[in-house]
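Enquirer: Take this structure first; my questions come after.
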Amino acid sequence: MKLILGRHGNTFERNEKVLWVGRRTDLPLTAEGSRQAEHLGAVLRQSGIFLGGLYSGPLQRTRQHAEIVARRMGCAPGLIVDPRLAEIDYGAWEGISSQEIVAQFGSEELEAWEGSSTWPRSPGWSPSEATLTDGVKTFVGQLSQTQGDDSVVLAVTSNGVLRCFSRLAEGHMRRHGGKVATGHICILDARHDNCRVHAWNVAPDPTCLSAQLDAPT
């Protein structure tokens, strides 16, 4: 099974201060965020891809992104909202900027999270790293049991959760890191709770998408 992971589109306007927002901050997509979702839907349609499943996290930014993709494709399965795709609660980092995080907690933890997804010691992050990773593993495992080997599934979630997916691919974090830009996608070959990364943090493009989905498992 090929699993396309999408990060939702923008939730801040160009002139707005960018803050760390997790599961406690339920922002909608901006106009640019909606455009990014439209683009992914258009690319999937142009590539002739039929989705065997469509999933998102419960926050409105991920639901909206998935719903726009489905409408743009014109033919997609019904959206399933899965709580295992809910973003991290960033605790004491929630609602403040990266500069403010450095001022309050120092740069070491932020750099470790950005560079290698090392879970910080700053208070309030939840659920635990183990709980979040187990949820991602069971999500992939259930898809592997219900989808055929040739199936393609799209799951729209958030940056923190995507980092846990990258942990399922041995050696991936060391080579590529985990951060995914808004509106970008990752393509994995998923079998049970193990994944092989075909593409990570790439802008949706018909040629790239078709090549990666046709790549041998």
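The values are calculated or read from the model by the stated rules, or taken from the named source; none is laboratory data. What you see is a predicted model, and the numbers here were worked out from it, not measured in a lab. Heads up, the Cβs are rebuilt from the backbone with ideal geometry, glycines too, and the neighbour counts pull from every protein chain shown. These accessible areas exclude ligands, DNA and RNA; they are computed on the full protein's heavy atoms, side chains included. Shrake-Rupley method; radii C 1.70, N 1.55, O 1.52, S 1.80 Å.
Enquirer: For a quick check, take a GNM of the chain with Cα springs below 10 Å and name the residue from A130, A31, A92 with the largest mean-square fluctuation.
Expert: Highest fluctuation of the listed residues: A130.
Enquirer: Right, something else. To two decimal places, what compactness ratio does segment 1-125 give when its Cα radius of gyration is scaled by 2.2 N^0.38 Å?
Expert: That works out to 1.20 for segment 1-125.
Enquirer: On to the next question. Springs between alpha-carbon pairs under 10 angstrom, Gaussian network model over the chain: which of Q60, Q36, Q145 fluctuates most?
Expert: In the Gaussian network model the winner is Q145.
Enquirer: Sticking with this structure for a sec: How high is the relative contact order of segment 25-178, in percent, with contacts defined as C-alpha pairs under 8 Å that are six or more residues apart?
Expert: That works out to 28 percent.
Enquirer: Inverting the mean 1/r over all pairs of different Cα atoms, compute the Kirkwood radius of the chain and quote it in Å.
Expert: Result for the chain, one decimal place: 17.4 Å.
Enquirer: Okay, helix-only estimate at 222 nm for the chain: each DSSP H run of n ≥ 4 adds -39500 (n - 2.57), divide by all residues, round to 500 deg cm²/dmol; what do you get?
Expert: Value at 222 nm, helices only: -12500 deg cm²/dmol.
Enquirer: Something else now. So, with +1 on the Cβ of K and R and -1 on the Cβ of D and E, and no other charges, what is the size of the charge dipole of the chain about its Cα centre, to the nearest 20 debye?
Expert: 300
Enquirer: Pop out the carbon and sulfur fraction of the accessible area of the chain as a percent, whole number, probe 1.4 Å.
Expert: After summing per-atom areas, the C and S share lands at 48 percent.
Enquirer: Round to a whole angstrom and tell me the spacing of the C-alpha centers of segment 1-74 and segment 146-167.
Expert: So the two Cα centres are separated by 14 Å.
Enquirer: What does the accessible area per residue of segment 47-125 come to in Å², with a 1.4 Å probe and no ligands, DNA or RNA counted?
Expert: Accessible area per residue: 44 Å².
Enquirer: Which lysines have a Cα less than 28 Å from the Cα of K2, not counting those fewer than 8 places away in the same chain?
Expert: Output for K2: K137, K179.
Enquirer: Can you put H184, H8 in order of accessible area, largest first, using a 1.4 Å probe?
Expert: H184, H8
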